[in-house]
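Visitor: I'd like to ask you about the structure that follows.
Since every read-out is calculated from the coordinates, none of them should be taken as a lab result. The shown structure was predicted, so the numbers you read here are calculated from the model rather than taken from an experiment. Don't worry about glycine lacking a Cβ; one is built from the backbone with ideal geometry, like all the others, and counts go over all protein chains shown.
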Amino acid sequence: MPGIREQRNLPYSCDQMFDLVADVDRYAEFLPWVVATRVRADSAEEMTADMVVGFKNLREKFTSRVVKLRPQSIEVHYIDGPLRDLDNHWQFAATGLGGCLVDFSVDFTFKNKVFEALAGQYFDRAFRKMMAAFEARADELYGSKSSSAHNAA
């Protein structure tokens with residue numbers, strides 16, 4: 001299963017970053033290619049949500065189960081959609097300066113191996129754009145401060 005991972009050291013608390021990532025209803029406001037979201041069920045520990053992603057005339061719906069362990073982690077497990085599998089893992093660790101180290105990874109498998117090879121070439125760029133959108137959203141919500149990013153792949 002191809003995957004990608006990135007870490008960002010952000011000047012925001014683990015609670016703030018957890019809240020931002022867990023707010024699936026707002027994804028269409030700031031994430032590229034997210035057209036719409038719908039939360040089917042939500043509790044403090046678990047959520048089931050649909051997300052419609054689109055590019056030009058293509059639209060695909062994904063359904064996921066989101067396991068929340070506040071404020072340490074969010075795990076997203078694929079239920080249904082155009083892929084064979086898709087898992088996202090968010091880890092939030094407090095830094096000594098009141099900030100948060102965000103560790104985000106995505107593992108995916110396409111149903112079609114040829115499409116997986118083609119899409120895999122663009123996935124890295126799309127992943128980085130998505131991570132930058134989360135960071136920009138944190139700056140917008142919590143105040144723009146300096147941050148540092150580095151790959152852990």
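Visitor: From Cα pairs below 8 angstrom and at least 6 apart in sequence, can you work out the relative contact order of the chain, rounded to a whole percent?
Guide: It comes to 31 percent, rounded to a whole number.
Visitor: If I model a spin label at Asp80 and Ala44 as a point 7 Å from the Cα along the Cα→Cβ vector, what separation in nanometres do I get?
Guide: 3.0
Visitor: Just check segment 1-42 against the gyration tensor rule for me: Cα atoms, a ≥ b ≥ c as the square roots of the eigenvalues, rounded for a/c under 1.5, and otherwise prolate or oblate depending on whether a/b exceeds b/c.
Guide: oblate
Visitor: Each label point is 7 Å from the Cα along the Cα-to-Cβ direction; what then is the distance between the points at Asn9 and Thr95, in nm?
Guide: Each label point lies 7 Å from its Cα, and together they span 0.5 nm.
Visitor: I would also like to ask the following. For labels at Arg128 and Val67 in the simple 7 Å Cα→Cβ model, what's the distance in nm?
Guide: 3.1
Visitor: Could you pull out the GluC sites (Glu not before Pro) across segment 13-96 that fall in loop regions by DSSP (anything but H, G, I, E, B) with no more than 10 other Cβ atoms inside 10 Å?
Guide: Those satisfying the criteria are Glu45.
Visitor: Given the chain reduced to its alpha-carbon atoms as identical point scatterers, what log10 I(q)/I(0) does the Debye formula return at q = 0.12, 0.13, 0.17 Å⁻¹?
Guide: With one equal scatterer per Cα and no solvent, log10 I(q)/I(0) is -0.50, -0.59, -1.04.
Visitor: For the chain, what is the calculated [θ] at 222 nm in deg cm²/dmol (nearest 500), taking -39500 (n - 2.57) for each run of four or more DSSP H residues and dividing by its residue count?
Guide: Computed ellipticity for the chain at 222 nm equals -9000 deg cm²/dmol.
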